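One structure is given here, and the rest of the page talks about it.
The values are calculated or read from the model by the stated rules, or taken from the named source; none is laboratory data. Everything numeric here is computed off the predicted structure, so don't read it as measured data. Reconstructed Cβ throughout: ideal geometry from the backbone, glycine too, with neighbour counts over all protein chains shown. Protein only, heavy atoms only, side chains kept; ligands, DNA and RNA dropped before computing areas. Shrake-Rupley method; radii C 1.70, N 1.55, O 1.52, S 1.80 Å.
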Amino acid sequence: MIIAYESKTGFTKRYADMLAERTGSKAYRAKELPPADKDEEIIFLGWIMAGKVQGLDKVRKRNVIAVCASGTARTAEPDNETVIARNKIEDKPFFYLRGGCLPLKELKGLDKILMAMFLKMLKSRKEKDEELEEGISNIENGFDGVREENLEPVLQWLSTR
Ligand SMILES: Cc1cc2nc3c(=O)[nH]c(=O)nc-3n(C[C@H](O)[C@H](O)[C@H](O)COP(=O)(O)O)c2cc1C
């Protein structure tokens, strides 16, 4: 088994490296996956952008046995079911891993524009609960939610197969 990942700002890479260490597997960026064995089992980890797991299309033809996706919020945005359907991974185990984000002012290009739009949308909501306030603060100030314990469900699933 090997691990493939796509990570723009490093949060997902940290999970990939942790998973590699915990399972004794190697972790590769999706575009650097060795072509060698087409049947080799792959666990894929990617960051979510607008509901799409980034980098997943690069490994579609390979033997991906599970998909992990990282976002900033407590749960996947918009939600697990939408992410699973949007990425056509209904046939595989899916794990959401809470990642993190850089402060908005450190983002660049399209990422910054999209996040600024998302922030505006969150701020315009009339009823702001604690989770929404947290989301707004995380986008503005940055947030690091990477925790080794978040990988437990993945490790648990691996141990039962
Ligand atoms: C432009 C943009 C769009 C995003 N869209 C989503 C999304 O649709 N759902 C979600 O859960 N997280 C979304 N995120 C949050 C990222 O997936 C999260 O910050 C992730 O942990 C970053 O991983 P990385 O550091 O490996 O690139 C978005 C982030 C950016 C910058």
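So, with a 1.4 angstrom probe, what is the percent of accessible area on the chain that is carbon and sulfur? Please list the in-between numbers first.
Numbers: 4670 of 9150 Å².
Carbon and sulfur: 51 percent of the exposed surface of the chain.
Return the sequence-ordered ³J(HN,Hα) values of segment 95-109 in whole Hz as given by the Karplus equation 6.51 cos²θ - 1.76 cosθ + 1.60 applied to θ = phi - 60°, using x for Gly and Pro.
Per residue, the Karplus-derived 3J(HN,Hα) values read 10, 8, 10, 6, x, x, 8, 7, x, 3, 5, 8, 6, 10, x Hz.
Over its Cα atoms, what ratio of radius of gyration to 2.2 N^0.38 Å does the chain give?
Numbers: Rg = 16.0 Å, N = 161, 2.2 N^0.38 = 15.2 Å.
My calculation over the Cα atoms of the chain gives 1.06.
Which pairs in the list Lys31/Lys61; Lys13/Lys123; Lys31/Lys105 are over 21 Å apart, alpha-carbon to alpha-carbon? Don't jump to the answer; show the numbers that get you there.
On the way: Lys31/Lys61 13 Å; Lys13/Lys123 30 Å; Lys31/Lys105 28 Å.
With Cα atoms farther than 21 Å apart: Lys13/Lys123; Lys31/Lys105.
Hey, in the GNM for the chain with a 10 angstrom Cα cutoff, which one of Pro35, Pro78, Pro103 fluctuates hardest?
Pro35
Mind checking segment 86-140 for trypsin sites (Lys or Arg not before Pro) that DSSP puts in a loop (not H, G, I, E or B) and that have at most 14 other Cβ atoms within 10 Å? Please list the in-between numbers first.
Details: sites: Arg86, Lys88, Arg98, Lys105, Lys108, Lys112, Lys120, Lys123, Arg125, Lys126, Lys128; in loops: Lys88, Lys108, Arg125, Lys126, Lys128.
In loop regions of segment 86-140 (DSSP not H, G, I, E or B), the sparsely surrounded trypsin sites (Lys or Arg not before Pro) are Lys88, Lys108, Arg125, Lys126, Lys128.
Kindly identify segment 87-161 as rounded, prolate or oblate by the Cα gyration tensor criterion: order the square roots of the eigenvalues as a ≥ b ≥ c, call it rounded if a/c is under 1.5, otherwise compare a/b with b/c, prolate if a/b is larger, else oblate. Don't skip to the answer; put the middle values down first.
Details: a/c = 2.07, a/b = 2.00, b/c = 1.04.
Taking the square roots of the gyration eigenvalues as a ≥ b ≥ c, segment 87-161 is prolate.
Measuring from centroid to centroid over Cα atoms, what is the spacing of segment 133-161 and segment 47-111 in Å?
After rounding, the separation between the Cα centres reads 12 Å.
Could you list which residues have their amide H under 5 Å from that of Tyr5, counting only those 5 or more apart in sequence or on another chain, with H placed in the peptide plane?
For Tyr5, whose amide H was placed from the backbone, the distant partners under 5 Å are Tyr28, Arg29, Ala30, Leu45.
For the chain, report the accessible area per residue in Å² (1.4 Å probe, heavy atoms, rounded to an integer). Don't skip to the end; give the middle numbers.
Working: 9150 Å² over 161 residues.
Ligands and nucleic acids excluded, the figure is 57 Å² per residue.
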